[in-house]
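Before any comments, here is the structure.
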Amino acid sequence: MKIGILQTGHSPDGMIETQGDYGEMFCRLLGGHGFAFEIFSVVDGSFPAGPQDADGWLITGSKHGVYEDHPWIAPLEDLIRDIRDSGKPMIGICFGHQIIAQALGGKVEKFAGGWSVGRTEYTFDGMPLALNAWHQDQVVELPDTARVVGHSDFCAHAMLAYGDTIWTAQPHPEFPASFIDGLIRTRGKGVVPDRQLEEATAGLDLPVDNDRTANYMARFFRSKAST
């Protein structure tokens, strides 16, 4: 099964060499599940011809906001709607979670409550799930077709499903503690309140459910592709 990864941003300078770029991080997360991958760097204007170019699709995170005026945003929204109409499975993470919601009629904005950074506890399908987060933007209005399948105390719409072929999540199952540590050092200072950065640093050694989430994502791709 081929997964097309729509890369919407890049790792910070100085971290790509050690951590990989965003698309590569998902290849690593889902490695061992028998998938083939192709990365399309849509943030740089590299798009697939259409949904037929892969069996399933994944949209990465980004430092950009989905509401910003970039030339690749509208074509990406068109592609999202085309993938939805094709019935092929699609997963969106962080920015991907937000751009899918926006493309399908929802609203995203900078959350008045501030940032979520580092290890965060969620409830997903009624079960606890711990994942790393790094965001201020949130989905504040749901598309008509979305249903909430996961939330945290801070993020009411943390995980969404659309029908049975689209699943999206605000947190980052692809981010290990080392990447959060790098973000704290390269993108956090002067942007995220110091108290939150200190709390995130203190939680770097706590366990997260990246592998468990990767297994869910792999099952989702396989089960939906076969329907």
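Taken together, the values in this text are just the output of simple stated rules run on the coordinates, not laboratory data. Model, not experiment: these values are computed from the prediction. Note that each Cβ is placed from the backbone with ideal geometry, even for glycine, and that neighbours are counted across all protein chains shown.
Observations on the model:
- Rounded FRET efficiency, nearest 0.05, which uses the C-beta distance separating A112 from Q52 and R0 of 41 Å: 0.50
- Within the same chain, lysines fewer than 8 places from K110 are excluded, and of the rest, those with a Cα less than 16 Å from its Cα are K63.
- Partners for K88 among lysines (Cα-Cα distance below 18 Å; same-chain residues under 8 apart left out): K2, K224
- Within the chain, percent of DSSP bridges classed antiparallel, to nearest 5: 60 percent
- Listed peptides 153-161, 91-99, 125-133 appear in the order 91-99, 153-161, 125-133 once ranked by packing, highest mean of other Cβ atoms within 10 Å at the front.
- Placed amide H near T120: partners under 5 Å, 5+ positions off or other chain: L131, N132, A133
- In this structure, A202 and D85 have a Cβ-Cβ separation that, at R0 = 41 Å, corresponds to a calculated FRET efficiency of about 0.35.
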